[in-house]
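Here the structure is laid out as structure tokens; the discussion comes afterwards.
The values are calculated or read from the model by the stated rules, or taken from the named source; none is laboratory data. Nothing here was measured: the structure is a model prediction, and the numbers come from that model. Glycine also receives a Cβ, built like all others from the backbone with ideal geometry; neighbour counts cover every protein chain displayed.
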Ligand SMILES: NC(=O)c1ccc[n+]([C@@H]2O[C@H](COP(=O)([O-])OP(=O)(O)OC[C@H]3O[C@@H](n4cnc5c(N)ncnc54)[C@H](OP(=O)(O)O)[C@@H]3O)[C@@H](O)[C@H]2O)c1
């Protein structure tokens, strides 16, 4: 597939970064955020995964087992029977369009080069959802060099995905937690594992926070999500405080 049109970062991105920072500060004091972070529960949400490989499969399974109806999707939904069976009675599989139509919220868990085409094919439908959780990462050395360069020019993956999915209510989350560790880290004994989240839409952040808590992690609002590995919430806050 083609790479996104190259574009230089501009004033709009600076404003958007400022908006994300402002949302971060506002969220710290927001009663909605406080409620979402301390009180998981409520009606189940229908969840679509776009991408049902290692990470999408593991996350979708956690959500299905937490009581949310999940539709896994990929370009080959007929290959997802084993995943659906393992995820339990609340799981099913469909095409990407079917999953988006089914869902209240969407998890985007595809190789980063696929995001542009998904935006072109489904951008309008995705923009109508209150939350698109963006788990997809551009990875240097794995993804095309011009795409990596373009993402850097946008100011990072959060801003790049926002360009590829205009109008979507995006929250980045789970970007640095390996799929193989998700089941054992969910609801672990003692202090929970922190999940850095970033976005500029308070409602989307609140929904994401609720969902993350329901599968046994602790959301930690961050302007960016560059933290690799497994950390407690306090460790994430300390590391984030040192980031420029
Ligand atoms: N693996 C991890 O531990 C991990 C952790 C954090 C974040 N991530 C990020 O999550 C994303 C997925 O990683 P992964 O390891 O799960 O990859 P993966 O195992 O290769 O799975 C990728 C999934 O995306 C689907 N897909 C690919 N292109 C698509 C398209 N155009 N439309 C719809 N579905 C498409 C694939 O199915 P079809 O080919 O059948 O369409 C497959 O289900 C990456 O961006 C990665 O950086 C991964």
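Miscellaneous remarks
Quick grid of which residues meet (1) modelled with pLDDT under 95; (2) surrounded by 16 or more Cβ atoms within 10 Å (Cβ to Cβ):
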site: 128; (1), (2): no, no
site: 131; (1), (2): no, yes
site: 143; (1), (2): no, yes
site: 152; (1), (2): no, no
site: 156; (1), (2): yes, yes
site: 166; (1), (2): no, no
site: 219; (1), (2): no, yes
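- Residue selected from segment 85-121 under the condition in contact (Cβ under 8 Å) with a residue 60 or more places away in the chain and not in a loop (DSSP other than H, G, I, E, B), by the criterion nearest to the ligand (Cβ to nearest atom): 114
- Helices (runs of 4 or more DSSP H) contained in segment 1-84 and holding at least 3 residues buried (at least 21 other Cβ atoms within 10 Å of the Cβ) and modelled with pLDDT of 95 or more: 54-65
- Set 180, 168: member being within 16 Å of the ligand (Cβ to nearest atom) and either part of a loop (DSSP other than H, G, I, E, B) or closer than 19 Å to residue 222 by Cα (or both): 168
- Checklist (1) surrounded by fewer than 18 Cβ atoms within 10 Å (Cβ to Cβ); (2) in a loop (DSSP other than H, G, I, E, B) applied to residue 237, failing item: (2)
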